[in-house]
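Each reported figure results from applying straightforward, stated rules to the coordinates on display, with no laboratory input. Just so you know, these numbers come straight off a predicted model, no measurement behind them. Here the Cβ positions follow ideal geometry from the backbone for every residue, glycine too, while neighbour counts run over all protein chains shown.
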Amino acid sequence: MSMPKVRVRFAPSPTGPLHIGGLRTALYNYLFAKKYSGDFILRIEDTDRERFVPGAEDYIVESLKWCGVAPNEGVGFGDGPFAPYRQSERKNLYKNYADTLVESGSAYYAFDTGPELEELRKKTHPAGASPLQYDTSTRMSMKNSLVLPAAEVKRRIDSGEKYVVRIKMPADEEIKVTDLIRGEVIVHTSQLDDKVLFKSDGMPTYHLANVVDDYLMKITHVIRGEEWLPSAPLHVLLYKYFGWENVMPQFVHLPLLLKPDGHGKLSKRDGDQLGFPVFPLEWTDPATNEVSSGYRESGYFPDAVINILALLGWHPTQAQEIFTLDELVHEFSLEHVAKGGAKFDPEKAKWLNQQYLRSKSDDTVAEVFQKQLSDKQKIYGFKMPDSEYLKKVCHLLKEKASFINEFWSLGKYFFIAPDKYDTDIVRKKWNEKNAGFFSALKEKFLVQKSFTHDELEKTFKQEATGLGIKPGEVMQLFRVIITGGAGGPALFEVVALLGKDEVMKRIERALTEFKF
Ligand code: GLU
């Protein structure tokens, strides 16, 4: 039998912004699909109307677009042959599947009301707030089609009484889930309850819709987060009850993303506390207006985010850390996805972005920085530099930063004279002799023909040595005069770029303002 075409799906529920763990799931699906020339589908699982959050779906689509992890079928990316891809729009097809299971004796109608179920919960778990168990041990004392006479069931349904459809979990069976990463996971049905498949609001639950759609959309591999592993036995059972075992997808449950210290699942709170985003894009909660930061707005490059996520749970065979999306497609394999949780390392994330920043062309970087600079220009009113100047600034700053967002604070002296100086250095180093040096240096620079970094450096050193000063003695001071602080790109490159007029002004100002 020839292998069917690989078809995988990312199936988020629009219950809030996409977490980076969700984005990683999408990425691994994408890589797997591309690697095997398969299809990658985006399906929106929005049947839980109570948890529906407006804007979440658009957010998911925009996040995938931003990262370049584009599905080839699905909501927001053009319909394919299995449209619609939004479960709320497929609403009408699920009921028949639920009814089929009732007819074959694998599911049943249940009429129990909320208060009745609460009573059951109290009866079975008198002490605590344990969840309700509607299962083999309790189902026969409830109001359902297994207990009530057929005529009574019909009467209730015909009169419009609300009901749900529940799966009839076999009493004593083992369900085997084969997971491509974890091997065989065996669960005994006594551990499982009679999950609702179809709700009284006319919507299927996640379990039913998910399995039916994976079947209808010819999904070959279900690649999803580890948190869905406990649902897998139920899904396997549904495939069996529907008679679809021969086309059941392979299951792959990806390791959890863990907090930086490895203790527990990575949460938004960890990000807030340790200062890194857990969402790809900024998100404003429509209910509270609370804003959560995003990788995009924090200045991460989409290709860096992809690289960061690729390494969270998957290990390349060779000692390489920087991968383009194409390289990832080539290298990715499920065999190298770990079982254990993947610790999120915010420092490594920053480091990776820095590697990407350094490898970007000055043009690309300047284009992004220009936008940020125009905002600053509105505040500080400096003359906007030409693109050549801007590119050179970017060339120097990209070696010193992890993010373009840091450029202004690291290098505002390229655009405005320092508004304050590192007073410690001035206090320590500014004396009559050094002041004399700078006033002589100013005269030398004034007549300097070629204002290039090596010529300037030569002049600087000659002048210092001539006055019996070690160049190192006055170098730091010179940096403070030019940039206001210590540290930064090669000083004479900065000086050359600023140009003679500006450098003259800055030395002059130091000569009048610095006191000893
Ligand atoms: N709708 C589920 C979610 O929100 C999908 C899980 C799955 O991929 O089966 O993640």
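Give the peptides 275-284, 81-90 in descending order of average Cβ contacts within 10 Å, highest first.
Going from most to least packed, we get 275-284, 81-90.
With unit charges on the beta carbon (Lys/Arg positive, Asp/Glu negative), name the residue among 250, 68, 120 whose Cα is farthest towards the positive pole of the charge dipole of the chain.
Toward the positive end, the furthest listed residue is 68.
In sequence order, what are the phi-derived ³J(HN,Hα) couplings for region 26-39 according to the Karplus relation 6.51 cos²θ - 1.76 cosθ + 1.60 with θ = phi - 60°, rounded to whole Hz, with x for glycine and proline?
Couplings: 4, 4, 5, 4, 4, 4, 5, 4, 5, 4, 9, 6, x, 10 Hz.
With n ≥ 4 as the cut-off for DSSP H runs, can you work out [θ] at 222 nm for the chain, using -39500 (n - 2.57) per run divided by the number of residues, rounded to the nearest 500?
-13500 deg cm²/dmol
Cβ neighbours within 10 Å, averaged per peptide: list 7-20, 163-176 in order, most packed at the top. Mind showing how you got there, number by number?
Working: 7-20: 23.3, 163-176: 18.1.
Ranking, from highest mean packing down: 7-20, 163-176.
Apply the Karplus parameterisation 6.51 cos²θ - 1.76 cosθ + 1.60, with θ equal to phi minus 60°, to every residue of region 247-255 and state each ³J(HN,Hα) to the nearest whole Hz, in sequence, with x for glycine and proline.
Per-residue couplings from phi come out as 10, 5, x, 7, 9, 9, 10, 6, x Hz.
I need the Debye-formula profile for region 118-161: one equal scatterer per C-alpha, no solvent, reported as log10 I(q)/I(0) at q = 0.21, 0.26 1/Å, two decimals.
Treating every Cα as an identical point scatterer, log10 I(q)/I(0) equals -0.73, -0.87.
Can you give the local net charge around residue 399? Use residues other than it whose beta-carbon is closer than 13 angstrom to its beta-carbon, Lys and Arg +1, Asp and Glu -1.
Spelling it out: positives minus negatives among the neighbours equals +2.
Using the C-alpha gyration tensor of region 52-104, what are the square roots of 5 times its eigenvalues, in whole angstrom, with the largest one first?
Square roots of five times the eigenvalues give 29, 14, 8 Å.
In 5 Å bins starting at 0, how do the alpha-carbon pair distances of region 170-273 split up by percent?
Pair shares across the bins are 2, 11, 19, 20, 18, 13, 9, 6, 2, 0.
Viscosity 0.890 mPa s, temperature 25 °C: Stokes-Einstein D of region 226-326 from its Kirkwood Cα radius, in µm² per second?
The diffusion coefficient I find is 145 µm²/s.
Evaluate the relative contact order of the chain (contact order divided by residue number), counting alpha-carbon pairs under 8 angstrom at least 6 apart; express in whole percent.
12
Please give the charge dipole size of region 167-269, origin at the Cα centre, charges +1 on K and R Cβ atoms and -1 on D and E Cβ atoms. Round to the nearest 20 debye. Kindly include the intermediate steps, with their values, before the conclusion.
Working: 12 positive and 14 negative charges, 88 e Å.
Charge dipole of region 167-269: 420 debye, to the nearest 20.
Cβ neighbours within 10 Å, averaged per peptide: list 39-51, 321-333 in order, most packed at the top. Provide the component values of the computation, followed by the final result.
Details: 39-51: 20.2, 321-333: 15.5.
Packing order, densest peptide first, comes out as 39-51, 321-333.
Can you give the percent of C-alpha pairs in region 252-397 whose distance is more than 17 Å?
69
Just the projected area, averaged over all directions, of the convex hull on the alpha carbon atoms of region 360-449: how many nm²?
Result: a mean projected hull area of 7.9 nm².
Taking every Cα atom in region 1-145, find the radius of gyration and the maximum pairwise distance Dmax, and write them in Å.
20.1, 56
Are any of the pairs 95/168; 91/154; 95/154; 143/195 more than 18 Å apart by Cα-Cα distance, and if so, which?
Going by Cα-Cα distance, 91/154 fall outside the 18 Å limit.
Dimensions of region 465-516 along principal axes (Cα, Å, largest first)?
Computed over region 465-516, the largest-to-smallest principal extents equal 28, 25, 21 Å.
Can you tell me the Rg and the Dmax, both Å, for the Cα atoms in region 281-328?
Here Rg and the maximum Cα pair distance are 14.7, 46 Å.
For the chain, with the dipole built from +1 on Lys and Arg beta-carbon atoms and -1 on Asp and Glu ones, taken about the Cα centre, which of 209, 483, 338 lies farthest toward the positive end?
483
For region 377-516, what is one quarter of the convex hull surface built on the Cα atoms, given in nm²?
Mean projected area of the Cα convex hull: 8.5 nm².
Quick one: dipole size for the chain, taken about the Cα centre, charges +1 on Lys/Arg Cβ and -1 on Asp/Glu Cβ, in debye to the nearest 20.
About 1100 debye.
Using a 10 Å cut-off around each Cβ, can you sort 428, 383, 143 from fewest to most neighbouring Cβ atoms?
The most exposed by this proxy come first: 383, 428, 143.
Skipping prolines and chain starts, which residues have an amide H placed within reach, meaning under 5 Å, of the one on residue 225, given they are 5 or more residues away or on another chain?
Under 5 Å from the amide H of residue 225 lie the amide H atoms of 254, each far enough along the sequence or on another chain.
Please work out the Cα convex hull volume for region 141-189 and give it in Å³ per residue.
Spelled out: Cα convex hull of region 141-189, divided by residues, is 115 Å³.
In the chain, how does Rg compare with the Kirkwood Rh, expressed as the Rg/Rh ratio over alpha carbon atoms?
1.16
Within region 213-370, how many lysine pairs that are 8 or more places apart, or on different chains, have C-alpha atoms less than 29 Å apart?
Lysine pairs satisfying the spacing and distance rule in region 213-370 number 21.
For residue 35, list the aspartates and glutamates whose Cα falls under 12 Å from its own Cα; do not include residues on the same chain fewer than 8 positions away.
326, 327, 331
Working only with C-alpha atoms, what are the Rg and Dmax values of region 88-210, expressed in angstrom?
15.7, 49
For region 400-411, in order, what is each residue's ³J(HN,Hα) by Karplus, 6.51 cos²θ - 1.76 cosθ + 1.60 with θ = phi - 60°, in whole Hz (x at glycine and Pro)?
Values, residue by residue: 10, 10, 9, 9, 4, 4, 8, 4, 4, 5, 7, x Hz.
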